[in-house]
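A.B. asks: For reference, the structure I am asking about is given below.
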Amino acid sequence: MPKLYFYDTGLLCWLLGIRTEEHLLPHPLRGHIFENMVVSELLKSCMNQGERSNLFYWRDQSGNEVDVIVEMGTKLKTNRN
């Protein structure tokens, strides 16, 4: 199943009822919100340079995952959980 990301993490926080930093710090989705922000900024960077998205996500049947895989020519750089 594909992951969904919001381009606007401010809107995401608003929809989750997070209004202040004090609401965010203990929130159980804080890590997911941060991941969303990083992925959206990487995607915006690609688009602003006129490039197509070179970002991928991978998860195996056991639930192991790589949050971001960046294709760079013939090499892949990963950020593992």
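Values in this text are rule-based calculations from the coordinates and carry no lab data. Keep in mind that what you see is a predicted model, and the values were worked out from it rather than measured. Cβ coordinates were reconstructed from backbone atoms using ideal geometry, including for glycine residues, and neighbour counts include every protein chain displayed.
A.B. asks: Going by the alpha-carbon gyration tensor, a ≥ b ≥ c the square roots of its eigenvalues, is the stretch 9-80 rounded (a/c under 1.5) or, if a/c is not under 1.5, prolate (a/b greater than b/c) versus oblate?
C.D. replies: Numbers: a/c = 3.25, a/b = 1.53, b/c = 2.13.
Oblate.
A.B. asks: Can you list residues from other chains, or at least 5 along the same chain, whose modelled amide H is less than 5 Å from the amide H of Asp67?
C.D. replies: Amide H to amide H, under 5 Å and 5 or more residues apart or across chains, Asp67 pairs with Asn79, Asn81.
A.B. asks: Between Phe6 and residues 5 or more places away or on another chain, which pairs have amide H atoms under 5 Å apart, with H built 1.01 Å from N, and which residues are they?
C.D. replies: none
A.B. asks: Next question, about the same structure. Please report, in debye to the nearest 20, how large the charge dipole of the chain is about its Cα centre when each Lys and Arg carries +1 at its beta carbon and each Asp and Glu carries -1 there.
C.D. replies: Working: 9 positive and 10 negative charges, 34 e Å.
The dipole magnitude comes to about 160 debye.
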